[in-house]
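Let me begin by presenting the structure, written as structure tokens, before commenting on it.
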Amino acid sequence: MNLRASRSKNILAALALFAAGLLSGAAAAQTTLRIGLAEDPDVLDPSLARTYVGRIVFASFCDKLFDIDEGLNVVPQLALSHETAADGKAVTIKLRPGVKFHDGEIFDAEAAKYSLERHLTIAGSFRKPELAALDHVDVVDPLTIRIVLKTPFSPLIAQLTDRAGMMVSPKAAKEAGDKFGLKPVCAGPYRFVERVQQDRIVVEKFADYWDKANVSIDRIVYRPIVDATVRLASLKSGGLDLIERVLATDIKDVRGDSKLKLSTALALGYQGMEINVGNGDASKSPLGQSAKVRQALNYAIDREAINQVVFNGEFVPGNQWVSPEHPYYQKNFPVTGRDVAKAKALLREAGVNDRLAVDFMVGQGPERQAVAEMIQAMAAEVGIDMKIRVTEFATSLKQAEAGAYQAYLLEWSGRTDPDGNTYIFHKCNAPQDYPGYCNADVDKLLDEARLVSGLAARKPIYEKLTKIILEDNPKLYLYHPRVLIAHTTHLEGYKQMPDGLVRVVGLKLR
């Protein structure tokens, strides 16, 4: 072979290697983050949705007006700032310029007005009670709205850090109608691609995102895997990159694995037991009709024992809608200890002399079922037979709405403002008042707490509310979980917030 031919061959080989390198580099650059969820979310429409896992998914594709940081401070997202009028009855919000929805439509004041009003008017909206004080929205200029309120409403900005603050494309929402949740169009870092029920939800990076410089991962696949052991096994084997709701009993295992990291924070929410006191025929039982019977069940439960046995002592026993570490916690009403004798006495006072059978609905999941079994054993000792009925989670919510239960073990992921942990559960006819509880004094206090601002003014109101709720017991508060997220060490930049959401902006896979 002559020198020229040899040189040409070498050049061709080098070019081939270079091209192959480009192709492999391009392939390597296409990153996919695989997230394991404990349940399949409900509808992906921010006005109609109500599940915690749904909020995790929304965090990737549906930005809000505001967000929170690690210290629960409100920070800008699609809004830049807000100013409340002196009388508390109007809030002016400046919006971020240069924002686009996933369909290319511009996010502006008209779009913000549409989204807020949609939350209030669409049939079946779970945001309506969260924004109940809103009278109307004025467009001040293309990037400014004024929210006019019927009365002062101190939780407003806190509400706008969650689904009530999520903005949707008016064009897409109008065209889709009540089918919007099948292909949602928002203004987040990722755009919705597809959903296969009980299998996967896929989103892809949105090229025109307003903060695209901080979005590195190309694609996210959410996979609902109910069995926590299977979720963890998949994380360890490389099938997933991040999982939510690690079992407390698996904490040691995760921390002992050099390929994994554990991120944790005390959650804003709680685990509670709904008691059907007025929602259909199932409420017509001694448990539903007698506060003394409900108090007896409360005294039968050892919250610290549940914490130690099921959660290795990692969670925080509680009896209110905020944890004992929260500034709004009412120390005058401490967590009650177990008292079998008192529980039996209360049952006798209520006229319950025979063993009482209770239909106890429990969503699927090993920890829920373990907690239910402990409650079952404790209640049996005082004469209450909790008949555990394990139900698929989304189905259990529908049955709770319909009143097809007597007791229901249900967790709430929590909100930054105490209003978000109380109003939609204890207000007469509120959409998540599954027990059918209605008390005029409670309604008055819930409304009163919305009219004033600041801990000093609001905490005494919540103290009165706490007293009534703990006497009536339409819900037994049990404990406050820790958010337990495990992820591979290949994932960088992850920070856990107390709301339990998985925020994807700023994350990198190496």
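Output the 0 to 90 degree angle, nearest 10, between the alpha-carbon long axis of helix 393-402 and the longest principal axis computed from the alpha carbons of the chain. Rounded to the nearest ten degrees, it is 40.
Other residues with beta-carbon under 10 Å from the beta-carbon of Met497 carry, at +1 per Lys or Arg and -1 per Asp or Glu, a net charge of -2.
Each of Phe333, Gln364, Ala377 was placed along the dipole of the stretch 327-388 (beta-carbon charges, centred on the mean Cα), and the one lying farthest toward the positive end is Phe333. For the chain, find the longest principal axis of its Cα atoms and tell me its angle to the long axis of helix 340-349, 0 to 90°, nearest 10. Tilt relative to the chain: about 60 degrees. Shape annotation for the chain: C-alpha extents along the principal axes are 108, 55, 38 Å, from largest to smallest. Taking K and R as +1 and D and E as -1, what net charge do the other residues with C-beta under 12 Å from the C-beta of Lys444 add up to? Cβ neighbours under 12 Å give a net charge of -1.
Would you mind counting up the charge near Thr32? Only other residues with Cβ under 10 Å from its Cβ, with Lys and Arg at +1 and Asp and Glu at -1. Intermediate values should be presented prior to the final figure.
Working: positive: Arg34, Arg219; negative: Glu204, Asp218, Asp241.
Charge balance near Thr32 sits at -1.
Treating the angle as unsigned and between 0 and 90°, give the value, to the nearest 10°, between the Cα long axis of helix 440-451 and the longest Cα principal axis of the chain. Helix 440-451 and the main axis of the chain meet at about 40 degrees.
Give the list, by residue number, of cysteines in the chain with no other Cys Cβ closer than 4.7 Å, or say none. That list is empty. Under the rule a/c < 1.5 gives rounded, and otherwise a/b versus b/c splits prolate from oblate, where does the stretch 382-510 land using the Cα gyration tensor? Here the stretch 382-510 falls in the oblate category. For the stretch 178-218 versus the stretch 73-119, the inter-centroid distance based on Cα atoms is 20 Å.
No lab work stands behind these numbers, since they all come straight from the coordinates. For clarity, every value in this text was computed on a predicted model and none was experimentally measured. Neighbour counts run over all protein chains shown; Cβ positions are idealised from the backbone, glycine included.
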